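What follows is a single structure, written as structure tokens, with notes after it.
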Amino acid sequence: MIAVIVDLNADMGESYGRWTLGDDGSLMPFLTSANIACGFHGGDPHVMRSTVALAIEHGVGIGAHVAFPDLIGFGRRRLAASPDEVQDYVLYQAGAIRAFAEAAGGRLQHVKPHGALYTSTVDDPELAQAVAAAVAMLGPEVILLMPPAVGPTAVRAGVPFVPEGYVDLDYDATGKLVIERVKQVRDPAAMGEKAVRLIRDGKVTTADGGELELRVESICVHGDAPNAPAIARAIRERLEEAGVDLAPLAELRTAAPR
């Protein structure tokens, strides 16, 4: 088995104003870490506060889900932003979540980019360096959560890093995610089996039917999927049945070497 302790994370707090997205109350109990929107792609101060409180209530690690400033496009459109701009975007948003976390008696555990900033960070080494530099400014205990490819950049910046993977999105033959403009309903049982195979064998089946080797310590569930709580529950239950323990990212970093 590749990993015996893993994190289960999801994107949360993406509602704003009178517009609601996802069922955070039903999803949070199955998670170990939450990536909370910071107002750039979703979320607002009230939603940020309530989502942080929900995470603390369930013992879930608090993360800043940072994005390009693209509320109308839900952060899924690439912007021609410079590395300096991206660094400031990340620091600004993470600082906001940190303030809410500390006000509620918690702390900022990690940072994870969202949508187009996520894929841009994977594709552009300069943007990856900018994101890692911003996380480094937040202190030595704040973790960067991203695909394995970003790991070396985080290490060079002195930033704790946890590699993540997906089972509710497909990968193409090159290892890149096939992004869905609107999240589709997925079979929870099938997602649970994919999760076990990912952790046990370090492999996922690509969109074209091939095999992709992927070594991760965290699995992400998309909170905007229509049946996200059912997917998260199935993944957690199936992993536990397979003898895999689940813990927040911060506990993964302090766990005994595997």
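The table below gives the values:
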read-out: Residues with amide H under 5 Å from that of residue 246, placed H, sequence gap 5 or more; value: 6
read-out: Assigned charges on the beta-carbon of Lys, Arg, Asp, Glu; region 57-99 dipole about Cα centre (debye); value: 160 debye
read-out: Relative contact order computed over the chain (Cα-Cα under 8 Å; 6+ residues apart), in percent; value: 24 percent
read-out: Radius of gyration and Dmax over the Cα atoms of region 1-95, both given in Å; value: 14.2, 45
read-out: Approximate shape of region 83-198 as ellipsoid semi-axes (Cα gyration tensor, √5λ), whole Å, largest first; value: 26, 18, 14
read-out: R0 of 41 Å, Cβ-Cβ distance residue 88-residue 241: FRET efficiency to nearest 0.05; value: 0.40
read-out: Accessible solvent surface per residue of the chain, calculated while the other protein chains remain in place, 1.4 angstrom probe, Å²; value: 42 Å²
read-out: Sequence-separation-based contact order of region 107-216, relative, with Cα cut under 8 Å and 6+ spacing, percent; value: 20 percent
read-out: DSSP beta bridges in region 138-258 [antiparallel fraction, %, rounded to 5]; value: 45 percent
read-out: Lys, Arg +1 and Asp, Glu -1 on Cβ, resulting dipole of the chain about Cα centre, debye, nearest 20; value: 140 debye
read-out: Over region 100-157, relative contact order from alpha-carbon pairs under 8 Å, at least 6 apart, %; value: 38 percent
read-out: Measure of compaction for region 205-247 (Cα Rg per 2.2 N^0.38 Å); value: 1.36
read-out: Spin-label model distance (nm) - residue 77 vs residue 177, 7 Å beyond Cα toward Cβ; value: 2.0 nm
read-out: Simple Cβ-charge dipole of region 121-197, Lys/Arg +1 and Asp/Glu -1, about Cα centre, in debye nearest 20; value: 80 debye
read-out: Overall dimensions of the chain as given by Cα atoms, namely Rg and Dmax in Å; value: 16.6, 48
read-out: Stretchable slack from residue 26 to residue 107, in nm (0.36 nm times residue separation minus alpha-carbon distance); value: 26.9 nm
read-out: Solvent exposure ordering (accessible area, 1.4 Å, most first) of 170, 84, 224; value: 84, 170, 224
read-out: DSSP bridge pairs, the chain: antiparallel proportion in percent, nearest 5; value: 20 percent
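The values are calculated or read from the model by the stated rules, or taken from the named source; none is laboratory data. This structure is a prediction, so every number in the text was calculated from the model and none was measured. Neighbour counts are summed over all protein chains in view; Cβ atoms, including those assigned to glycine, are modelled from backbone coordinates with ideal geometry. Ligands, DNA and RNA are stripped out before the accessible areas are found, and what is left, the full protein with its side chains, is counted by its heavy atoms. Shrake-Rupley method; radii C 1.70, N 1.55, O 1.52, S 1.80 Å.
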